[in-house]
1. As an exercise, use a Förster radius of 22 Å and the Cβ-Cβ distance of THR67 and TYR201 to find the FRET efficiency, rounded to the nearest 0.05.
2. Once you keep just the Cα pairs under 8 angstrom separated by 6 or more residues, what percentage relative contact order results for segment 165-226?
3. For segment 21-70, what relative contact order do you get, as a whole percent, if you take Cα pairs closer than 8 Å and at least 6 residues apart?
4. Over its Cα atoms, what ratio of radius of gyration to 2.2 N^0.38 Å does segment 85-168 give?
5. Quick check on the exposure proxy: order GLU178, GLU131 from fewest to most C-beta atoms within 10 angstrom.
6. Hey, if you put +1 on the Cβ of every Lys and Arg and -1 on every Asp and Glu Cβ in the chain, which of VAL124, GLY32, THR63 ends up farthest toward the positive end of that dipole?
7. What number comes out for the charge environment of THR159, summing +1 per Lys or Arg and -1 per Asp or Glu over other residues with Cβ under 12 Å away?
8. Placing +1 at every Lys and Arg Cβ and -1 at every Asp and Glu Cβ, with all other atoms neutral, what dipole size does segment 165-226 have around its Cα centre, in debye to the nearest 20?
Amino acid sequence: MRSIGTEHESTLHRELKLRYALGGGIEIERAGFVCDAQDSQGRLVEIQTGSFGPLKKKLPILTAQETVRLIHPVIVTKTIELFDTQGKLISRRKSPRKGSLWNLFDQMIYAPQLAELPNLTVEVVLLDAVERRIADGKGSWRRRGISVHDRSLERYRETIPFFGPPDYRNILPFRRGEKFSSALLAERAGIRPELARKTLYVLTAIKAVKRLRKEGQTWVYTMGNC
């Protein structure tokens with residue numbers, strides 16, 4: 001039995017678990033797995049803040065028996081609070097990095113096939129969060145030794161559900177029959193070129209878009225028939 005430990009569970013993960021378990025329960029055992037929650041309608045709830053890769057085995061088994069909601073939080077705006085080792089607040093600032101719906105594909109690229117599972121709804125929860133950091137010298141060199149201690153919810157924005165491949169196709173900023181590249185997607189969606197390539201990889205895998213041909217070094221796509 002795989003157990004979900006709470007020792008290293010972030011406050012954000014716990015807040016989401018309790019929110020979706022309202023009227024249901026938490027840490028529900030099913031088919032040799034433990035799910036984060038069960039909602040008031042009896043649907044299983046799995047909250048995944050990172051890569052979808054670890055769910056490749058679990059979700060096909062669960063969705064063959066029951067309805068599952070996969071909750072993926074995306075932090076739109078992050079407030080960073082820096083503390084010393086005694087708990088004194090040193091600084092508080094807004095991170096310049098902004099998240100969006102498109103960040104879903106940063107994580108879905110590791111398991112695009114999950115989007116095609118019956119009885120699975122992927123729900124992207126856009127929210128603002130507070131990240132607590134500690135200047136303890138134990139963190140990443142990129143953060144100059146500062147450790148990320150916890151994340152907590154500041155504000156909900158909205159939830160965007162995906163019930164199957166057509167819903168993923170419908171977020172694209174293109175018309176039916178229009179030809180496009182990853183560069184054009186990056187431009188119209190206002191996202192990084194790398195993220196645009198990841199998005200099209202996932203959407204091609206689930207037949208939400210169709211890869212047509214190469215023009216020079218660039219792949220050309222159109223909407224799929226999923």
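Read-outs throughout are calculated quantities, based only on the coordinates presented, and are distinct from any laboratory measurement. What you see is a predicted model, and the numbers here were worked out from it, not measured in a lab. FYI the Cβ positions are ideal-geometry reconstructions off the backbone, even for glycines, and counts take in every protein chain you see.
1. 0.20
2. On the way: 82 pairs, mean separation 24.0, N = 62.
Once divided by the residue count of segment 165-226, the mean separation gives 39 percent.
3. 31 percent
4. 1.46
5. Least crowded to most crowded, the residues run GLU178, GLU131.
6. Farthest along the dipole direction, towards plus: VAL124.
7. Details: positive: ARG19, ARG69, ARG157; negative: GLU123, GLU158.
Spelling it out: positives minus negatives among the neighbours equals +1.
8. In debye, rounded to 20, segment 165-226 gives about 180.
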